[in-house]
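Here's the structure, in structure tokens; my notes come after.
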């Protein structure tokens, strides 16, 4: 724990903005565009086969038993499959008759050019976050502006989401019609066979436009926290669809009604950070090994067994 004076010794921000804080020196950080390909190469060295530009259309069962995944390029035989498709997980699962109350929000991020070194790490307060990159610039985000586009699932899962909406309503903008190719777009079909072209082929990369409102707020808060950077402009911006559950806690479990079908989704934007640990847990689970952790909080059935929805960390 850091006092106010210790905070400003670490981060020379606007006086009076922070009264204290917490630092975790043992935490790590990574550049996604470096780390993800490196993880992929390591997986291949250990025997994994990665097939890009090839959508999984559905799963195939015989006599109630899972026999494999049907892709656009053919069948892959398997008696265990992990659905870890982020924002697309719910739509894919619906086609199998598996329901989970996952919804998505759009989050916007911006990057600056190389800038003075305020803090060589990551930091966040209640509404603003920044991360120093290896190229000398900062990656910036706001935590209280997210856009949800209303679709069929928004109505279908409304009551399960009421506690979360109540807790974070001020930070969410609601659009009345999900844009084409968004996971819950009204135009998407919800049932298909392995012979049909799926939404996952129609939209290879889910790359939504950033929110102008969020970008404006990012620039304002950068100057508010760090007046010495008032002339620093945003160089690049992007957005992503964050997959979340009504309690902001992911599902990491086997589907009780479909043996061999496992799900890991709803990471609420934290998947990159906790992905390696989640991957280890899910790998052990698929192999029938002890997870080594109490995964009750992550069970699939918590939204249907009458349990009270208890909110975890906000997005």
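The values are calculated or read from the model by the stated rules, or taken from the named source; none is laboratory data. What you see is a predicted model; the values in this text were computed from it and never measured. Here Cβ is always computed from backbone atoms with ideal geometry, including for glycine, and neighbour counts include all displayed protein chains.
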*Can you name the number of the only condition in (1) surrounded by 15 or more Cβ atoms within 10 Å (Cβ to Cβ); (2) at pLDDT below 95; (3) over 30 Å from residue 56 (Cβ atoms) that residue 178 fails?*
(3)
*Which condition breaks for residue 190 when tested against (1) more than 18 Å from the chain's Cα centre (by Cα); (2) part of a helix (DSSP H, G or I); (3) over 30 Å from residue 11 (Cα atoms)?*
(2)
*Please work out which residue is nearest to residue 85 (Cα to Cα), limiting yourself to the range 280-291 and to residues that are assigned to a helix (DSSP H, G or I) and either touching a helix residue (DSSP H, G or I) at 6+ places or on another chain (Cβ under 9 Å) or in contact (Cβ under 8 Å) with a residue 24 or more places away in the chain (or both).*
282
*Going by the conditions given, is residue 213 in contact with a strand residue (DSSP E or B) (Cβ under 6 Å, 6 or more places away or on another chain), on the phi < 0 side of the Ramachandran plot and part of a helix (DSSP H, G or I)?*
no
*Out of all the residues in the range 208-227, is one or more farther than 30 Å from residue 116 by Cα and in contact with a helix residue (DSSP H, G or I) (Cβ under 9 Å, 6 or more places away or on another chain)?*
no
_When you scan the range 273-293, do you find a residue that is in contact with a strand residue (DSSP E or B) (Cβ under 7 Å, 6 or more places away or on another chain), under 23 Å from residue 138 (Cα atoms) and modelled with pLDDT under 95, even just one?_
no
*Sort through 222, 215 and tell me the only one that's more than 23 Å from the chain's Cα centre (by Cα), crowded, with 18+ Cβ neighbours inside 10 Å and closer than 26 Å to residue 148 by Cα.*
222
_Set 262, 272: member being touching a helix residue (DSSP H, G or I) at 6+ places or on another chain (Cβ under 8 Å) and either part of a loop (DSSP other than H, G, I, E, B) or under 30 Å from residue 108 (Cβ atoms) (or both)_ = 272
*Restrict the check to the range 59-82 and report whether at least one residue is modelled with pLDDT under 95 and within 30 Å of residue 128 (Cα to Cα).*
no
*Scan the range 30-42 for residues that are surrounded by 13 or more Cβ atoms within 10 Å (Cβ to Cβ) and modelled with pLDDT under 90 and report the count.*
2
*Pairs only if they're at least six apart or on different chains, beta carbon under 8 angstrom, first in the range 202-214 and at pLDDT below 95, second exposed (fewer than 11 other Cβ atoms within 10 Å of the Cβ); list them, first residue then second.*
204/53
_Residues located in the range 166-181, provided they are outside any helix (DSSP H, G or I) and touching a residue at least 40 places away in the same chain (Cβ under 8 Å)_ = 172, 173
_Meets criteria (touching a helix residue (DSSP H, G or I) at 6+ places or on another chain (Cβ under 7 Å) and at pLDDT below 95) for residue 169_ = no
*Among what's in the range 1-20 and is free of Cβ contacts under 8 Å to residues at least 24 places away in the same chain and within 29 Å of the chain's Cα centre (by Cα), pick the residue that is surrounded by the fewest Cβ atoms within 10 Å (Cβ to Cβ).*
1
_Subset of the range 225-242 (residues that are in a helix (DSSP H, G or I) and over 28 Å from the mean Cα position of the chain (by Cα))_ = 227, 228, 229
*Some residue of the range 127-138 being without any contact (Cβ under 8 Å) to a residue 24 or more places away in the chain and on the phi > 0 side of the Ramachandran plot*: yes
